[in-house]
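What follows is a short report on a single structure.
The values are calculated or read from the model by the stated rules, or taken from the named source; none is laboratory data. Every value quoted in this text rests on a predicted model; they were computed, and no experiment measured them. Positions of Cβ are backbone-derived with ideal geometry, glycine not excepted, and every protein chain shown enters the neighbour counts. For the accessible areas, the whole protein counts, side chains as well, though only heavy atoms, and no ligand, DNA or RNA atoms are used. Shrake-Rupley method; radii C 1.70, N 1.55, O 1.52, S 1.80 Å.
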2 protein chains.
Amino acid sequence: MRILGIDCGTERTGYGIIESDGKRHAAIAFGVFKTNPREPMADRLCVIARGLREIIAQYQPGEAVIEEVFVAKNAQSSLKLAQVRGVAMVMAREAPMDVFEYSPREIKMAVVGFGNAEKNQVQLMVRALLGLEKNPPEDAADALAAAICRATMRRV
Amino acid sequence: MRILGIDCGTERTGYGIIESDGKRHAAIAFGVFKTNPREPMADRLCVIARGLREIIAQYQPGEAVIEEVFVAKNAQSSLKLAQVRGVAMVMAREAPMDVFEYSPREIKMAVVGFGNAEKNQVQLMVRALLGLEKNPPEDAADALAAAICRATMRRV
């Protein structure tokens, strides 16, 4: 099964596609869509929409995973993040793919083994689980972690 | 100029298209996209995306207006609303249309004359300004109000 993880962000949206049988996972592609903070939000969201459409068309994943959003300390940032999330959900669902949501805690639990893991621990574990030569960029690592989480869950 | 106003909501997203020279406004079309709360959010967002794409293709508005979102008492609802908003922005921008954002206060000021107007006052004024025979549905009225606000602003 090929799974797409998406780590939403207004400035940087990470994506990661893995191939997995639930036990062993291989990275197919990963990266980050960057948007320009000086551009209007509508344009930035379109950059993310286009990017996601392109990688979905190219790699044809069967399922998508997106991290749940909670209201953070900075509520206004959470709202911006939620906008990206809505766009990501539509791009994935229109593909059409099944869309799954997990909390940051569930994702860290699945990948690192405890729910309060730090960003760099996630990077290291993602690298180890996928046998990558170096750490993937932070946002891509989070996206790959979401995909690995889903791969693990589907096996249960 | 033909302007599309969008009033985002997870259960009900209102839309209203007006033709305006900045002084006189005429309603071209308005309505509400309803989504089923029992369906997954990704599917509900797709209903809204599809609905917006269809009315944009049919009526070819030149500009879109979307109300700004603020963190409300219920923060989790604000996040859901923001997801819809992100989708609406992409649908409008990809059309391609220019996308404008106004606060609820600005919209009420432009339509009713004061920023704390009640929902039914907005409905009544929208009906009067557009010469409608009866009150438009609440969410459609808010969308039409956003479009009228933009029509008024562009004239300045």
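Going residue by residue through the range A:47-56, is there one that turns out to be within 17 Å of B:L45 (Cα to Cα), touching a Leu at 6+ places or on another chain (Cβ under 8 Å) and more than 10 Å from chain B (Cβ to nearest Cβ)? The answer is no, given that none of the residues of the range A:47-56 is within 17 Å of B:L45 (Cα to Cα), touching a Leu at 6+ places or on another chain (Cβ under 8 Å) and more than 10 Å from chain B (Cβ to nearest Cβ).
For every residue, the table says whether it meets (1) open to solvent by 30 Å² or more (accessible area, probe 1.4 Å); (2) not basic (K, R).
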{"position": "B:D98", "(1), (2)": "yes, yes"}
{"position": "B:R105", "(1), (2)": "yes, no"}
{"position": "B:G113", "(1), (2)": "yes, yes"}
{"position": "B:E133", "(1), (2)": "yes, yes"}
{"position": "B:A141", "(1), (2)": "no, yes"}
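Screening the range B:39-70 for residues that are acidic (D, E) and assigned to a helix (DSSP H, G or I) and picking the one that is most open to solvent (accessible area, probe 1.4 Å) gives B:E54. Within the range B:71-112, restricting attention to residues that are in a loop (DSSP other than H, G, I, E, B) and free of Cβ contacts under 8 Å to residues at least 12 places away in the same chain, the residue that is nearest to the other protein chains (Cβ to nearest Cβ) is B:V71. Among the residues of the range B:76-94, just one is surrounded by fewer than 19 Cβ atoms within 10 Å (Cβ to Cβ) and at pLDDT 95 or above, namely B:E94. Scan the range A:50-70 and tell me whether some residue there is in contact with a Pro (Cβ under 9 Å, 6 or more places away or on another chain) and at pLDDT 95 or above. Within the range A:50-70 (the criterion being in contact with a Pro (Cβ under 9 Å, 6 or more places away or on another chain) and at pLDDT 95 or above), the answer is yes, since at least one residue qualifies. Just one of the listed residues (B:A110, B:A95) is over 19 Å from B:A145 (Cα atoms) and among the small types (G, A, S), and it is B:A95. Scan the range A:20-30 for residues that are free of Cβ contacts under 8 Å to residues at least 40 places away in the same chain and within 13 Å of the chain's Cα centre (by Cα) and jot them down. Of everything in the range A:20-30, just one residue is free of Cβ contacts under 8 Å to residues at least 40 places away in the same chain and within 13 Å of the chain's Cα centre (by Cα), namely A:A29. With the requirement that a residue be free of Cβ contacts under 8 Å to residues at least 60 places away in the same chain and at positive phi, what does the range A:113-156 give you? Across the range A:113-156, the qualifying residue is only A:G113. Of all the residues that make up the range B:1-19, how many are away from chain A (no Cβ under 14 Å), surrounded by fewer than 21 Cβ atoms within 10 Å (Cβ to Cβ) and in contact (Cβ under 8 Å) with a residue 60 or more places away in the chain? Looking only at that region, the number is 3.
When A:K73 is tested against (1) surrounded by 15 or more Cβ atoms within 10 Å (Cβ to Cβ); (2) more than 15 Å from B:M41 (Cα to Cα); (3) basic (K, R), only condition (1) is not met.
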